[in-house]
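Enquirer: This is the structure I want to talk about, given as structure tokens.
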Amino acid sequence: PVSKRGKIRRKYNTMRLSLILAATLARSASAYSDFKVEITNGITECADSDKIKTRDFVRVHYILKIDESSIVGEPGEFVGSSHMKGEPMEMQAGVGQWIEGWDKGIVGLCVGAKATIIIPPDLGYGDKDLPKVPAGSTLNFAVEVLDIMDKPPPPPNMFDTIDVNKDRMISRGELESFFCKYEATSASGYF
């Protein structure tokens, strides 16, 4: 006889397998065809010096949602944003620091452009099942290109990041809070 726990586990595994199968079918149907970059506002034409190229260091704001076309996840559901973190994201474009669709979509945008980047699962997180992004999700990034930087951003000052109350001392609580937040962020695999 199968225990109640075994039945629950089997049901969970069946649901997970169904989601992965749906994601695989969606990925094979979508391939690169569902990838789209649409400039929604701001600058559309610019000099080459103001256009993001592979290897440029850039500052951008973004809002990430599950796209309305996604057959997996809750279409339109908010996932995260740089605004929530209180500062723009700084990264190197086109070198694989983020998902493939992000690299493909951000390169070529002008400083000052606002765009929507639709990223199908095969260019997004694929079969990875993340806390707010189910495996096989189509992603919708609203991005605003703020700047192309001359050099890489400085590494974060970890002491200042951990010292939340700015008393120049790190308490056990601040340290535990930092590592709990760090673990949640890195486990999500978003950035």
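The values are calculated or read from the model by the stated rules, or taken from the named source; none is laboratory data. Predicted model, so just to flag it, every value in this text is computed and none were measured. Cβ sites come from the backbone with ideal geometry, for glycine too, and all protein chains shown count toward neighbours. These accessible areas exclude ligands, DNA and RNA; they are computed on the full protein's heavy atoms, side chains included. Shrake-Rupley method; radii C 1.70, N 1.55, O 1.52, S 1.80 Å.
Enquirer: Quick one: length gained pulling I170 to D127 fully straight, 0.36 nm per residue minus the C-alpha distance? Numbers along the way, then the final one.
Expert: On the way: separation 43, 0.36 × 43 = 15.48 nm, distance 3.89 nm.
My answer for the length gained is 11.6 nm.
Enquirer: Ok, one more. Based on the mean of other Cβ atoms within 10 Å per residue, sort peptides 154-167, 89-102 so the most packed one is first. Spell out each step's value before the answer.
Expert: Working: 154-167: 10.3, 89-102: 17.6.
Order by mean packing, descending: 89-102, 154-167.
Enquirer: Rounded to two decimal places and with Rh computed the Kirkwood way over Cα pairs, what is Rg over Rh for the stretch 109-169? Walk me through the intermediate numbers first.
Expert: Working: Rg = 17.6 Å, Rh = 15.2 Å.
With Rg and the Kirkwood Rh in hand, the quotient comes to 1.16.
Enquirer: Next question, about the same structure. Identify the residues of the stretch 118-154 with backbone N under 14 Å of a label point that sits 7 angstrom from the Cα of E77 along the Cα-to-Cβ direction, or state none.
Expert: 129-140
Enquirer: For each pair in K65/K85; K51/K85; K51/K104, compute the distance between the two Cα atoms and list the pairs where it is over 21 Å.
Expert: Numbers: K65/K85 16 Å; K51/K85 25 Å; K51/K104 14 Å.
Exceeds cut-off: K51/K85.
Enquirer: Summing +1 for each Lys or Arg and -1 for each Asp or Glu, what net charge is found among the other residues whose Cβ lies under 9 Å from the Cβ of V58? If you can, show how the numbers build up before the last one.
Expert: Values: positive: R59; negative: D56, E90, D147.
The answer is -2.
Enquirer: With every protein chain kept in the model, how would you rank H83, H61 by accessible area, 1.4 Å probe, largest at the top? Don't skip to the end; give the middle numbers.
Expert: Numbers: H83 100, H61 35 Å².
Ranked list, largest accessible area first: H83, H61.
Enquirer: Now a separate question. Compute the distance in nm between two label points, each set 7 Å from the Cα along the Cα-to-Cβ direction, one at D147 and one at E68.
Expert: 3.4 nm
Enquirer: Sticking with this structure for a sec: Per-residue HN-Hα couplings for the stretch 140-146, Karplus 6.51 cos²θ - 1.76 cosθ + 1.60 at θ = phi - 60°, whole Hz, x for Gly and Pro?
Expert: Calculated HN-Hα couplings, in order: 10, 9, 9, 10, 10, 7, 8 Hz.
Enquirer: At 1.4 Å probe size, with every protein chain present, just tell me what the per residue accessible area of the stretch 33-191 comes to in Å².
Expert: Values: 8870 Å² over 159 residues.
About 56 Å² of surface per residue is accessible.
Enquirer: Still on this model: With the calculation restricted to Cα positions, what are the radius of gyration and Dmax of the stretch 78-191 in angstrom?
Expert: Here Rg and the maximum Cα pair distance are 16.3, 46 Å.
Enquirer: At 1.4 Å probe size, with no ligands or nucleic acids counted, give the accessible surface of T138 in Å², nearest ten.
Expert: Result for T138: roughly 10 Å² accessible.
Enquirer: Calculate the spin-label point distance for C180 paired with T54, positioning each point 7 Å from the Cα along the beta-carbon direction, and give it in nanometres.
Expert: Each label point lies 7 Å from its Cα, and together they span 4.3 nm.
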